[in-house]
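Reading through the structure tokens given below for one structure.
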Amino acid sequence: MNPLPPTNPWLKFQPQQKNRNRLNHRKKSRRPSFFTVLLCLLLLGIVIWGGVRLLPEIRQGFTEIITYVRKWTSPPEPAAPVPAVSPTLTREQVKTLLSPVISTNPVPGTITTSPKDHPLTIETGLNPRLQRFLLDEISRLKTLTRAKPEIIAMVVIAPDTGQILAMAGFDSAAPDTNPCISHEYPAASLFKIITASAVLEQGLMGPDTPLFFNGGKYTLYKRQLKEIKNRYTTTTTLEKAFSQSINPVFGKLGAHELGADQLKIHALRFGFNQPMATEFSASSGSVTVTDRPYQWAEVASGFNKTTTISPLFGAMITATLLNHGTIPVPYLVKTITTDRGETVYHRPPPETRRAVEAKTAATVMAMMTHTITTGTAKRAFRHYQKDAVLARLLLGGKTGSLHNNDHTIKLDWFTGFARDKNGPEQIVVSVLVGHGAYIGTRAGTFARKIFQEYFSDYFTSGTE
């Protein structure tokens, strides 16, 4: 084992050793202290925290700088073409939009509404002069005391297009509702239009086919449905029974000729028990057919209170006949535009549906003319041939009357048409009047006034 080298106490005094000692001392003095390391870590944490908090602003600043540089260094992009404005409102959306408008009597001209603070202008198809005439008539009736009607509803449409030309009314028992579009009113003898169309469509008889009945014209007892001929029997024709609204004749047609199935089929063809395809909420009519023959007679003659229609639907029934058997779709709105002039709704093309053949429709129309000349509307249109306006028109109609369930109001109907004898112009009118304790102006008389008002303007304006 080698012994350790001997220590020389004089080495530390040598120059080389002094230099080595000095270097070792410097290395020791360069080592950071604990407090220095802690301070550095604290400063680093502060820098990292500030960077995280300010990163979005820093990034946004860089983005703006880059965008600014690109704006001046990149060539301009071509402008995109502006797309054409197309309708954006659906029929269901327009229904919601029109709910507050249609609940009252609309004014002629344009209607302004602001759903969700977006102003819209609704252009209606109302005839300004005719709508003002109806509104003035409503205002006059409300001032009456003795013969003021409890209910009145008046509707005028163009049968070939379904355009609603005028519509106004009131119901004293329900002032917040619009009786023109309510389907709660018994149809009464207006349903005879459906029954007559059904027997003609099936070729069961013609307008001159002999028919007979016993008892009164406007009653409907079960014994009147029996096929009995005696010295008390009255002979008539389908045309006369229609124009004079003879209940027993139409009751027998329902019980013996048509039956439940055909009554249902033809009621559906005209639009009963179906929603109306309009841009506002409106009902057509309701009919129920059971398995009892006497009930078939009640339905066919209109001698019941369960078959109901709206005045608007009453106009649609007659309009179908003038439209050669095809049901026109009623509409109130022509266009809807924004405050910027953009059109957001156009009336869509109507979906037409046939109720009866054109020949059947023409025959029923001819029968309706006899209601005016020799039938139940004769008094309302007395001496119309001497009237300067009415004498130039072909007039037709159907009346109906029935008390309500409480027997406090007598409902009085008229639906009919007026056509220029020498031109294509024609309109359809439907009027419902609910008389109270006193019978005032009849529905047929109101219809006559409307025919005169519309066609006097038509003839004098030179549009014929």
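The values are calculated or read from the model by the stated rules, or taken from the named source; none is laboratory data. These numbers come from a predicted model, not from an experiment. Positions of Cβ are backbone-derived with ideal geometry, glycine not excepted, and every protein chain shown enters the neighbour counts. What goes into the accessible areas is simple: the full protein's heavy atoms, side chains included, and nothing from ligands, DNA or RNA. Shrake-Rupley method; radii C 1.70, N 1.55, O 1.52, S 1.80 Å.
Here the accessible area is traced with a 1.4 Å probe on the protein chains. For the range 84-133, carbon and sulfur cover 56 percent of it. Using heavy atoms of the protein chains and a probe of 1.4 Å, the accessible area assigned to Tyr331 is about 20 Å². Net charge of the neighbourhood of Gly400, taken over other residues with C-beta under 10 Å away and scored Lys/Arg +1, Asp/Glu -1, is +1. As an equivalent ellipsoid, the range 342-448 spans semi-axes of 27, 22, 16 angstrom, where each value is the square root of five times an eigenvalue of the C-alpha gyration tensor, largest first. Using R0 = 60 Å, the C-beta based FRET efficiency linking Ser461 and Lys229 works out to 0.60. In the range 252-294, the convex hull through the Cα atoms has an average projected area of 3.2 nm², a quarter of its surface area. First check a/c for the range 262-327, with a ≥ b ≥ c the square roots of the eigenvalues of its C-alpha gyration tensor; if it is under 1.5, answer rounded, and if not, answer prolate when a/b is larger than b/c or oblate otherwise. In terms of gyration-tensor shape, prolate. Run a plain Debye calculation on the range 222-305 (Cα atoms as equal point scatterers, no solvent) and give log10 I(q)/I(0) at q = 0.10, 0.13, 0.23 Å⁻¹, rounded to two decimals, same order as the q list. Debye output, listed in q order: -0.31, -0.49, -1.12. A simple count of charges around Thr195, restricted to other residues whose Cβ falls under 12 Å of its Cβ and scoring Lys, Arg +1 and Asp, Glu -1, yields 0. Measuring r between the beta carbons of His346 and Asp160 and using R0 = 22 Å, the FRET efficiency lands at 0.70.
Computed with the Debye formula from one identical point scatterer per Cα of the range 392-432, without solvent, the log10 of I(q)/I(0) at q = 0.22, 0.35 Å⁻¹ comes to -0.70, -1.08.
Across the range 132-194, counting alpha-carbon atoms alone, Rg and Dmax equal 13.4, 39 Å. Return the whole-Å distance between the Cα centroid of the range 395-424 and the Cα centroid of the range 187-263. The range 395-424 and the range 187-263 have Cα centres spaced 19 Å from each other. Output the pairs from Lys398/Lys449; Lys359/Lys421; Lys192/Lys378; Lys264/Lys334 with a Cα-Cα distance over 24 Å in this structure; if there are none, say none. In this structure, Lys264/Lys334 exceed 24 Å between Cα atoms. In the complete set of protein chains, residue-level accessible area for Asp291 is approximately 130 Å², probe 1.4 angstrom.
The residues Ile157, Ile327, sorted by heavy-atom accessible surface at 1.4 Å with ligands and nucleic acids left out, run Ile327, Ile157 from largest to smallest.
Rolling a 1.4 Å probe over the protein heavy atoms of the range 286-427, with every protein chain left in place, gives an accessible area that is 50 percent carbon and sulfur.
Net charge of the neighbourhood of Leu225, taken over other residues with C-beta under 12 Å away and scored Lys/Arg +1, Asp/Glu -1, is +2.
Solvent-accessible surface (1.4 Å probe) assigned to Ile228 amounts to roughly 80 Å².
Kindly identify the range 179-221 as rounded, prolate or oblate by the Cα gyration tensor criterion: order the square roots of the eigenvalues as a ≥ b ≥ c, call it rounded if a/c is under 1.5, otherwise compare a/b with b/c, prolate if a/b is larger, else oblate. Oblate shape, in that a/c is at least 1.5 and b/c is the bigger or equal ratio. Which FRET efficiency value, to the nearest 0.05, is calculated for Thr113 and Cys40 with the Förster distance at 45 angstrom and r the Cβ-Cβ distance? Computed FRET efficiency for Thr113 and Cys40 comes out at 0.05. Computed over protein heavy atoms with a 1.4 angstrom probe, the accessible surface ordering of Cys180, Cys40, largest first, is Cys40, Cys180.
In terms of packing, defined here as the mean over residues of other Cβ atoms within 10 angstrom, the peptides 350-359, 241-250, 126-135 line up highest first as 241-250, 126-135, 350-359.
Applied to the range 135-146, the Karplus parametrisation 6.51 cos²θ - 1.76 cosθ + 1.60 on θ = phi - 60° returns per-residue 3J(HN,Hα) values of 5, 5, 5, 4, 4, 5, 5, 5, 8, 6, 10, 6 Hz, with x for Gly and Pro. Summary value for the range 342-464: 19 percent relative contact order, contacts being C-alpha pairs under 8 angstrom separated by 6+ residues.
For the range 145-287, the per residue solvent-accessible surface stands at 40 Å², with DNA, RNA and ligands left out and a 1.4 Å probe. When the Cα centres of the range 321-362 and the range 106-129 are compared, how far apart do they sit, in Å? Rounded to whole Å, the Cα centres lie 19 Å apart.
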